[in-house]
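S.K.: This structure is in C-alpha cells; I'll ask about it shortly.
The values are calculated or read from the model by the stated rules, or taken from the named source; none is laboratory data. These numbers come from a predicted model, not from an experiment. Ideal geometry is used to build each Cβ from the backbone, glycine not excepted, and the neighbour counts take in all protein chains shown. Accessible surface areas use protein heavy atoms only, side chains included; no ligands, DNA or RNA. Shrake-Rupley method; radii C 1.70, N 1.55, O 1.52, S 1.80 Å.
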Amino acid sequence: MKNSSLLNKDLAVPEDQFVRSITNDFTGNGFVDHLEWAMLTIQQNFKQMFLERHLPPITRSHFDRAYLMAGGADSLNDTVRFFTPFTDLQATPEIFPDLNIKVMTLNDSIQLNKVKQIDLRTKNILKSKLQYAYEMSTAFYNKDTEAFYGFREGYEMNKGFFNLEKKLENLDKLNFTELPNPISLHPNYMIPKNAITLLPKSQVQDVMKIIAMSYQVAFSMYYEWCIYIKEYDNIGLILPIEPAILSEIYKTSLMKFDSRRQMVHFVKEHYRRKAASPNEDYSVFVNRYLRGEHRFDCRGFYAEVIPPKYDLLRAKTRKKFADGLK
C-alpha cells in the first residue's frame, strides 16, 4: 500500500490557532533589531501551499533582494517616506513598464511578496485580455512550524485600477474593471471571470495594496540609495539608506574593506590641471562621477551599496552596480 500525504496538513488547524501562529509578536528596540529578526527568519524552511499543484514551487531564492520595510527610532531609513498608494503620486506601469519588485514586511505578520509584471508574449499565452497582468508570489511566516509557506497567484487589471480617486474601503462602489481579476498562471487552466466577486473583501484589499505599493517601492528605489546585505550562504535584503550617513559608517569598525580604496561616493565636477608648456595653462573640465569600492563586509555579512538609478543616469558612470529594481 502506497503512503499518501495530505496537502497543507501543517496548516489544518482551527482558525484562531492559525491566526496566532502567523501573528508577529516580536518587539525590538529599533531598526537594527528588526533587521536581525528579518535575517533570522529568512533562514527558516520554505514550504508550499498547494493551491495549484501545476505551478513551480516557491523557494527561498525566489525572494532574494527583497526590500525590507521596517522602522525604528535608530533606523538607517527613518527618513525614507513612501508615497501613499492611490493618490496623485501613484506610480504606474507607464513609469515602470517591467515591474519586478520583492518586499519583506514586518507588521502584524511577517510576509514576503514578489510582484512581477507578465510580459506580452506570456500574457497572450495565458489568454489575459486586460491591459496588465501580474504574477504575485507570497510567503508568510508561521512561528509554530518555523517555516515560510509560499504560493503564486495571477492577476490582470485595466488602467482604471490606478484611478486616483480609488478608496480601498469602498470596493462595492468600484467598477468591475477597476478591480484586479484573478487569472491562472498555467495556459491549460481557467479561472471564472467573476472570481474576484467570490473572494473575501479583505483579500481583495490586500491584493490591491500589494500591487499598488510595489510601484511605490519601485518609485522610492529609483531615487534612494540602498544597501544589499546577506549572509554568505543565504539570501539577502535590500535596505534604503540615507547617503549622508554613509561617510560616517565608513569611519566605524562595522565595515571591513578588501582594499584601502575609499567607499563609493560622488566626486563633484571640477577642473583638473594637465601637464603643459611652462607658459601655458592647460586644464580640463571633469564631470561629476562615482569613485570607490561598493562591496564590503559588515559584521560578517556581505554587503553592497546600490546607488539609485536616477543618480547613475545623471553621472553616466561606467562602473557596474546591481540593479535594485530587478
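S.K.: Being within 21 Å of residue 102 (Cα to Cα) and open to solvent by 60 Å² or more (accessible area, probe 1.4 Å) is the filter here, so list the residues in region 165-224 that pass it.
M.R.: Within region 165-224, 203, 206, 209, 223 meet the criteria.
S.K.: Right, another one. Within region 126-167, can you find the residues that are part of a loop (DSSP other than H, G, I, E, B) and of a type in the set (A, V, I, L, M, F, W, C)?
M.R.: The initial filter retains those residues of region 126-167 that are part of a loop (DSSP other than H, G, I, E, B), namely 126-131, 143-146, 158, 163-167.
Of everything in region 126-167, those that are part of a loop (DSSP other than H, G, I, E, B) and of a type in the set (A, V, I, L, M, F, W, C) turn out to be 126, 130, 164.
S.K.: Which of the numbered conditions does residue 144 fail, given that it passes all the others? Conditions: (1) in contact with a Ser or Thr (Cβ under 6 Å, 6 or more places away or on another chain); (2) modelled with pLDDT of 90 or more; (3) buried (at least 17 other Cβ atoms within 10 Å of the Cβ).
M.R.: Going through the list (1) in contact with a Ser or Thr (Cβ under 6 Å, 6 or more places away or on another chain); (2) modelled with pLDDT of 90 or more; (3) buried (at least 17 other Cβ atoms within 10 Å of the Cβ), residue 144 breaks only (3).
S.K.: Is it the case, given these coordinates, that residue 160 is open to solvent by less than 50 Å² (accessible area, probe 1.4 Å) and under 28 Å from residue 70 (Cα atoms)?
M.R.: So residue 160 fails the test.
S.K.: Something else now. Residue check: is residue 154 among the small types (Gly, Ala, Ser) and modelled with pLDDT under 85? Explain how you work it out, then say what you get.
M.R.: Numbers: among the small types (Gly, Ala, Ser): yes; modelled with pLDDT under 85: no.
Taking the combined requirement at face value, the residue does not satisfy it.
S.K.: State whether one or more residues within region 90-98 are modelled with pLDDT under 90, touching a strand residue (DSSP E or B) at 6+ places or on another chain (Cβ under 8 Å), part of a loop (DSSP other than H, G, I, E, B) and not hydroxyl-bearing (Ser, Thr, Tyr).
M.R.: Checked against the condition, which is being modelled with pLDDT under 90, touching a strand residue (DSSP E or B) at 6+ places or on another chain (Cβ under 8 Å), part of a loop (DSSP other than H, G, I, E, B) and not hydroxyl-bearing (Ser, Thr, Tyr), region 90-98 yields no hits at all.
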